[in-house]
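The next block holds one structure in the form of structure tokens; read it before the comments.
The values are calculated or read from the model by the stated rules, or taken from the named source; none is laboratory data. Here the structure is a predicted model, which means the values were calculated and not measured. Here the Cβ positions follow ideal geometry from the backbone for every residue, glycine too, while neighbour counts run over all protein chains shown. The area values use the complete protein model at the heavy-atom level, side chains included, leaving out ligands, DNA and RNA. Shrake-Rupley method; radii C 1.70, N 1.55, O 1.52, S 1.80 Å.
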Amino acid sequence: MSWNLEKLTHVIEEKIALVESRRCKLVLVVGPPFTGKTKLLRELTKSNPERYTYINLNLELSALLKEVTEKERPFRVQEFLRELVSDKQGVLLVDNTEILFDPELNLDPLKSLEVMSRFNSVVSVWSGSVKDGLLSYAEPQHREYFPGSKGEFEIVEITGKSA
């Protein structure tokens, strides 16, 4: 099954409206790798650059982390995440979130995204799945596996390629 940009944009806007008044203003675009999540965020940014701000989290966070020692990184990462979003405007479209799952950073990836969403509404990719209402990332044997979790966030699930 393929997804339609116009339809998904509408669904995402509805989810953003649902979370805007919450403490946690997080919408997760969930799907397996190579289902067009990055394409969706880039298209949203292109369609309305005044409303959306695209963030390549791997790139921006790793640039900040390289300035501190490996030993300091787990203690500074939350500060850097807040710094990344504090000066941004509009709805933040957070892509390439794999860095949050790096075991050396000792993070709860979902909590980190929730913290980021206290400043602005955040639409973030999540390369994983939703089963029985529980969100998971990777497979149990993978070093970055994150077991099922629930939270205040909203979910937009993508199961196929873009049309």
Counting every Cα pair in the chain, what percent are over 23 Å apart?
35
Excluding ligands, DNA and RNA, the carbon-plus-sulfur percentage of the accessible area of the range 112-163 with a 1.4 Å probe reads 49
Sorted by average packing, counted as other Cβ atoms within 10 angstrom per residue and highest first, what order do 23-31, 70-78 take?
23-31, 70-78
Grab the Cα-Cα distance for E50 and E83, subtract it from 0.36 nm times how many residues apart they are, and report the gain in nm with one decimal.
9.8 nm
I'm a student and want to see the number: the projected area of the Cα convex hull of the range 37-131, averaged over all directions, in nm².
6.3
Which stretch or stretches of the range 43-63 have amide N atoms under 19 Å from the point lying 7 Å from H142's Cα along the Cα→Cβ direction?
57-59
Provide the per residue accessible area, probe 1.4 Å, for the chain, rounded to a whole number of square angstrom.
54
Taking only DSSP H segments of four or more residues, each worth -39500 (n - 2.57), what value at 222 nm results for the chain once the sum is divided by all its residues, to the nearest 500 deg cm²/dmol?
-10500 deg cm²/dmol
Given axes a ≥ b ≥ c from the Cα gyration tensor, I'd like to know whether the range 78-163 is rounded (a/c under 1.5), prolate (a/b larger than b/c) or oblate.
oblate
Using 0.36 nm times the number of residues separating D108 and E6, minus their current alpha carbon distance, what extension gain do you get?
33.5 nm
